[in-house]
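Got a structure here, written out as structure tokens. Questions coming.
The values are calculated or read from the model by the stated rules, or taken from the named source; none is laboratory data. Everything numeric here is computed off the predicted structure, so don't read it as measured data. Here the Cβ positions follow ideal geometry from the backbone for every residue, glycine too, while neighbour counts run over all protein chains shown. Keep in mind that these areas ignore ligands, DNA and RNA; they rest on the heavy atoms of the full protein, side chains included. Shrake-Rupley method; radii C 1.70, N 1.55, O 1.52, S 1.80 Å.
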Amino acid sequence: MHEETLKEIVNELGELLPGRFFGRVFQLSPFSLAIDFGLKEKGFLFISIEPAAPRLYLIKRSVRELEKASVPLSSFAQSIRSGLGGGNVQSLSKDENERLVRFTFLVENDLGDSLVHSLIAQLTGRSANLFLLDSENRIKQAWRNPHGEGQQAGDLYKPPLSDAKTAGTLKTGSKSPLVREGATSFSATADKYYSELEEWHQFDSLTGNLLANLRKEIARRKKLQVNLRKDLVAHGNPDGHKRVGDLLLANTANAKRVGNRVTVTDYYAEDAPEIEIEVDENLTLPEAASAYFSRYTKAKRAVEEIGVRLVQLESELEKLGAKLVKLEKDAAALAEFGETKARSAAVNKKQKASLTLPGMRRYHSSDGYEVLVGRTARDNDQLTFRVARPNDLWLHAGDYPGSHVIVRNSSRSDIPHRTIIEAAQLAAKFSQARKDSKVDIHYTRRKFLTKPKGSAPGLVRMSNFKTITVEPGENLERIK
């Protein structure tokens, strides 16, 4: 706060004091207070020692508003209430050419003796602080951890060095000192100015977080896109696998084999040239053909599933990219997006309050699906019948007690086979069969589950399910 502005505010306050301090203090943030000096409609004295904007002025708030905005009192605020409560404010002054405001109180001790105590508001940037002084001008207590001579508990109080005083001067685009508008007081002008400034900082912080989260989501989807394309390449060409299998079967009688190399006639090519095919030397030609047909089936399924996922990702990236451009380009769009986000966050917060469980394990599958794992039998009940949605996939170890596992699925599309395997490995890992080399895992959509009436927690009835055999493991990215 500018020194001239502070001087005008202190002059206004001087007309309202002295008065009696009854000890009512509201702490509004880690380093700001509202003090009740019994000024009634004039308001409460607001003091902030935030280094970026230390300030002091009257604010007009109802007690209900202050109570709603309050945080628990710090030990310093409690000391103000207990040490100065019931005392009379004898004087209020501002040091010449300093951003220091002194409040002098006359307080009676337990013996009935009157003692003079002081409250020093040191509004000097990085060294901003509040001090309680005894009758000898010695520091009894400081709010922030003080540094320097005359700033420590037990020291005779001295103002901080001049270079520290100017270090935290607030730099904004507005003029300083503040200019009163008409008959408005300097306190009202300061309150309006700093309230708007705080709202802008909050808005700026919100939009910054929105941009950061948006960029993070784009980066995560791009990474998933790269991984899916690598997987697609690794699976190979389905038609190529099928062609090799057909050639091995067609050349069973006339193929020439040396180790893991088989020379066959390529009947699909013009002029039917001879080509070499690599096979497992421990397999017969029909068995090798069967292995290629199996690779064909897997590759074909991967092309279909990964293709659908890549199309979804492309659409999501396009939408996120458009939002990012809009956010970065137009402040008005930022405001609109921020309000929408805030409303959405409020709804999501209510939903999450009833859709999360203490200690529930959360993972991301390789395909980007969220996987939830319960802990206790009661948690399993909550996870399956309150958290899970109808199209979510449910998994559990067959014939063994264990955790319920849920794969979140926002659409009716099939969950990729790789995600099913990863979730099944978790179901095996968090079951009493975790030490077995292979475990049977039952899985089905949540809509095919019911809970028998009066049954124990964790018990379900499946009307339809499939079974997959996997090795226990925890190979997914854990969400903290």
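When the range 256-282 is examined, which residues are found to be in a loop (DSSP other than H, G, I, E, B) and either open to solvent by less than 50 Å² (accessible area, probe 1.4 Å) or under 16 Å from His241 (Cα atoms) (or both)?
The answer is Gly259, Asp266, Tyr267, Tyr268, Ala269, Ala272, Val279, Asp280.
Inspect the range 29-37 for any residue being open to solvent by 40 Å² or more (accessible area, probe 1.4 Å) and either charged (D, E, K, R) or part of a strand (DSSP E or B) (or both) and give the result as yes or no.
no
Can you report the number of residues in the range 43-74 which are surrounded by 14 or more Cβ atoms within 10 Å (Cβ to Cβ) and among the β-branched types (Val, Ile, Thr)?
3
Count, please, the residues in the range 72-120 that happen to be assigned to a loop (DSSP other than H, G, I, E, B) and without any contact (Cβ under 8 Å) to a residue 60 or more places away in the chain.
Residues flagged as assigned to a loop (DSSP other than H, G, I, E, B) and without any contact (Cβ under 8 Å) to a residue 60 or more places away in the chain within the range 72-120 amount to 8.
May I ask you to list pairs of residues, at least six apart or on different chains, whose Cβ atoms are under 7 Å apart, with the first in the range 288-312 being open to solvent by less than 70 Å² (accessible area, probe 1.4 Å) and the second being part of a helix (DSSP H, G or I) and small (Gly, Ala, Ser)?
The qualifying pairs are Ala289/Gly245; Tyr292/Gly245; Phe293/Gly245; Tyr296/Gly245.
Would you pick out the residues in the range 222-246 that are part of a helix (DSSP H, G or I) and among the small types (Gly, Ala, Ser)?
Matches in the range 222-246: Ala234, Gly240, Gly245.
Let me ask another. Taking the conditions exactly as written (without any contact (Cβ under 8 Å) to a residue 60 or more places away in the chain, open to solvent by less than 40 Å² (accessible area, probe 1.4 Å), under 24 Å from Ala302 (Cα atoms) and among the small types (Gly, Ala, Ser)), does Ala423 satisfy them or not?
When the stated conditions are applied, Ala423 passes them.
Let me ask you something else. Given the conditions (1) touching a strand residue (DSSP E or B) at 6+ places or on another chain (Cβ under 7 Å); (2) outside any loop (DSSP other than H, G, I, E, B); (3) farther than 23 Å from Gly19 by Cβ, and given that Gly150 satisfies all but one, which numbered condition is not satisfied?
Gly150 satisfies every listed condition except (2).
Mind telling me which of the residues Val405, Val439 ends up being over 21 Å from Leu383 (Cα atoms) and surrounded by 20 or more Cβ atoms within 10 Å (Cβ to Cβ)?
Val439
Okay, moving on. Checking Val107 against (1) in contact with a His (Cβ under 8 Å, 6 or more places away or on another chain); (2) under 12 Å from Ile49 (Cβ atoms), only one condition comes out false. Which one?
For Val107, the failing item is (2).
Now, a different point. Quick check on my filter: what residues within the range 131-147 are of a type in the set (Gly, Ala, Ser) and either at pLDDT below 85 or open to solvent by 60 Å² or more (accessible area, probe 1.4 Å) (or both)?
If the condition is that a residue be of a type in the set (Gly, Ala, Ser) and either at pLDDT below 85 or open to solvent by 60 Å² or more (accessible area, probe 1.4 Å) (or both), then Ser135 is the only one that fits.
Tell me the residue from Ala121, Ala164, Ala128 that is at pLDDT below 85 and under 25 Å from Ala190 (Cα atoms), please.
Ala164
Assuming Gly86 fulfils every condition listed in (1) touching a Ser or Thr at 6+ places or on another chain (Cβ under 6 Å); (2) of a type outside the set (D, E, K, R); (3) on the phi > 0 side of the Ramachandran plot apart from one, which condition is it?
It is condition (1) that Gly86 fails.
Looking at this structure, is Ile479 of a type in the set (Val, Ile, Thr) and crowded, with 17+ Cβ neighbours inside 10 Å?
Judged against the criteria, Ile479 is not a match.
Against the condition out of contact with any strand residue (DSSP E or B) (no Cβ under 6 Å at 6 or more places or on another chain), part of a helix (DSSP H, G or I), of a type in the set (Asp, Glu) and without any contact (Cβ under 8 Å) to a residue 40 or more places away in the chain, how does Glu217 come out, does it pass?
Here the answer is no, as Glu217 does not meet what is asked.
If I filter the range 75-126 down to residues being among the hydroxyl-bearing types (Ser, Thr, Tyr), surrounded by fewer than 15 Cβ atoms within 10 Å (Cβ to Cβ) and farther than 15 Å from Leu45 by Cβ, which single residue comes out as nearest to the chain's Cα centre (by Cα)?
Ser75
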